[in-house]
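For reference, the structure is listed below as structure tokens.
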Amino acid sequence: MNTVSEAIKQQIPSISSGTSELDTLQGIFNNQIKGYDRDRYPTFNSRLHHLKQLYKLIDQNSEELTEALNKDFGCRARHETEIAEIIGSLSSIRYQIKNLHRFMKPQRRRTSIWFMPATGKVQLQPLGVVGIIAPWNYSVHLTIAPISAALAAGNRVMAKMSELTPHTSAVLKRLINESFPPDVLSIIDGGVDVSQAFTALPFNYLLFTGSTNVGKKVAMTTAQNLTPVTLELSGKSPVVIAPEYDIEEATLRTLWGKAFNAGQTCIAPDYVLVHKDKLLEFVRAARKAFNTLYPNGLDNADYTSVINKHHYERLTKLVNNAQAHGSEIIVLGESLEKSNKLAPTLIIQPDNESEIFNEEIFGPLLPVFTYEDIDDAIKQIDVHKDPLALYIFSKHKAQTEYITKNVRSGSVLINDTLLQYLQNDLPFGGVGKSGQGKYHGKEGFEAFSNKQAILNQRGLGNFTGIKLLYSPFTAMSKLMQTLIRKWP
Ligand code: NAD
């Protein structure tokens, strides 16, 4: 009996037995397990080879991937794809290549004097076969960045891409099939039922990027196999603009971060907090910033569409609902409904009954709230606890330190938006409701590794001081215990 397959069918009743997707998933998984059993600790050279292959594949096919993303979005600004998907992916692979030797090197650890001459070290061991689930909003980068960390750490990898970017998934799947044996790296496409079956595979580790609601379901499914999981989730990321900061500059940088990819970025500024005396200045600055960023309006290839009609309508409903609750709506450009292009829109002080107040926006709508003082701003942020990102515009170190220490967030960026994501050496991830676990940086390599603790008892001949603790217990054992208790 095929136990994994049976377990999946029991957990996911919507998957009927014998479906070709399930058989394919199962077959790839079984082959990866066999591959892992053949080579449980790939050499530096073999990992380097895989990373270089991945780099070449993205670099040489960037045009085809850009085209596919454009098809999936209806319109995906080329420059945004280049920055966020292509450069983002290449730089995360390059980071692993550059640091591979250092990351693979076991780390020496201190050994207590009583255990000398034993030595301790931590070896980062591949976990085995790992799964990656990616969302649609940056479907190349959010697939490739975790793959590069997982391959660097010596794992076999299966990555499930989103059903909302089928053209991009098809291209990446074909390219990876051409360059990698499927028992090393495989891309899986298909619908939510495939994602569910994928999640139920007994991976040695799973990294999920997506919404908080689906993340909860993923955590419940992976718990059945005790598969450790990193959850990269969503949330409402605030921007706080201190009263003395140049409002035009802060607004330009905030609007850039909000309008990039039409706000469909997990760390996009969700809402902004401005000092109560600066609201009008902010609105004026936002109009100016829009004209600076989009001098030709939105009816061109430089502004990205909302991914589909469903999400376009969801966003327009959020605006209508806020208006019905008494918010002033300030539209900064002209939307183009036929191409799902939604203009950046300010929503002034939505009340806490408005849907936009409570939901992650994930689109180019920007609620603007006012605060009395910094403690009031923090109190307002606390209503949406654990943001994925926190943005602070301030010139005062004491002020930024006060805010960063009092707001629990996955990351902080001072005086700009979005850029922390592209820093490969900084760990990335959420906290609490916005996620658990980190990747990027050394933390990414570690996330996909078992930190194997190794103590080498190198006694001289048959002698080791620790034998003084063996029975029969003598006055010497008592003395040793007293010493170890005092100086462990
Ligand atoms: P989603 O949660 O709907 O889907 C994400 C992935 O999960 C898709 O590949 C989908 O096929 C799969 N999936 C759907 N239902 C599933 C289930 N029941 N079991 C297992 N897998 C399932 O998210 P989305 O709409 O693709 O992406 C947008 C969301 O992702 C936003 O909430 C955004 O904030 C979040 N996001 C987070 C990060 C981050 O790094 N924290 C990055 C990008 C996007």
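Observations
- Between Arg38 and Arg314, the simple label model (points 7 Å from Cα in the Cβ direction) yields a spacing of 4.2 nm.
- Each residue, Arg94 and Ala223, gets one label point 7 Å from its Cα in the Cβ direction; the gap between the two is 4.3 nm.
- Qualifying aspartates and glutamates (Cα of each under 19 Å from Cα of Lys98; at least 8 residues distant if same chain): Asp59, Asp425, Glu443, Glu446
- Angle between the chain longest axis and helix 62-73 axis [Cα atoms, degrees, rounded to 10]: 60 degrees
- Across Lys216/Lys405; Lys216/Lys258; Lys395/Lys442; Lys236/Lys451; Lys379/Lys433, pairs whose alpha-carbon gap is larger than 24 Å: Lys216/Lys405; Lys216/Lys258; Lys395/Lys442; Lys236/Lys451
- Ranked by the mean number of other Cβ atoms within 10 Å of their residues, highest first, the peptides 451-457, 328-334, 388-394, 285-291 fall in the order 388-394, 285-291, 328-334, 451-457.
- Each Lys and Arg Cβ is given +1 and each Asp and Glu Cβ -1; about its Cα centre, the chain then shows a dipole of about 2960 debye.
- Between helix 88-104 and the chain there is an angle of about 20 degrees, using the helix long axis and the longest principal axis of the Cα atoms.
- A protection proxy built from the mean count of other Cβ atoms within 10 Å ranks the segments 103-109, 224-230, most packed first, as 224-230, 103-109.
- Burial order of peptide ranges 426-433, 346-353 (average beta-carbon count within 10 Å, highest first): 426-433, 346-353
- Charge dipole (Cα centre; +1 on Lys/Arg Cβ, -1 on Asp/Glu Cβ; no other charges) of segment 11-152 amounts to roughly 1220 debye.
- The Cβ shell under 11 Å around Arg76 holds other residues with a net charge of -4, Lys and Arg each +1, Asp and Glu each -1.
- Within segment 238-423, percent of DSSP bridges classed antiparallel, to nearest 5: 20 percent
- The slack between Lys288 and Thr24, meaning 0.36 nm per residue of separation minus the straight C-alpha distance, is 89.7 nm.
- Signed unit charges on C-beta, dipole axis of segment 86-162, positive-most listed residue Met158, His101, Ile147: His101
- Multiplying the residue separation of Asp299 and Ala118 by 0.36 nm and subtracting their alpha-carbon distance yields 58.2 nm.
- Computed from the Cβ-Cβ distance with R0 of 56 Å, the FRET efficiency linking Asn213 to Tyr470 stands at 0.50.
- Lys, Arg +1 and Asp, Glu -1 on Cβ, resulting dipole of segment 238-423 about Cα centre, debye, nearest 20: 380 debye
- Length released on extending from Lys442 to Glu249, taking residue separation times 0.36 nm less the Cα-Cα span: 66.2 nm
- Dividing the mean sequence gap of close Cα pairs (under 8 Å, 6+ apart) by how many residues the chain holds gives a relative contact order of 18 percent.
- Relative contact order of segment 238-423, defined on C-alpha pairs under 8 angstrom at six or more residues apart (%): 28 percent
- 5 angstrom amide H check on Gly430, placed H, neighbours 5+ away: Leu233, Gln436
- Reported to the nearest whole Å, the Cα centre-to-centre distance from segment 157-226 to segment 270-301 is 38.
- Gln457/Leu426 FRET efficiency (R0 51 Å; Cβ-Cβ; nearest 0.05): 0.85
FYI, it's all coordinate maths here, none of it is from the lab. Worth saying up front: this structure is predicted, and the values here are computed from it rather than measured. Positions of Cβ are backbone-derived with ideal geometry, glycine not excepted, and every protein chain shown enters the neighbour counts.
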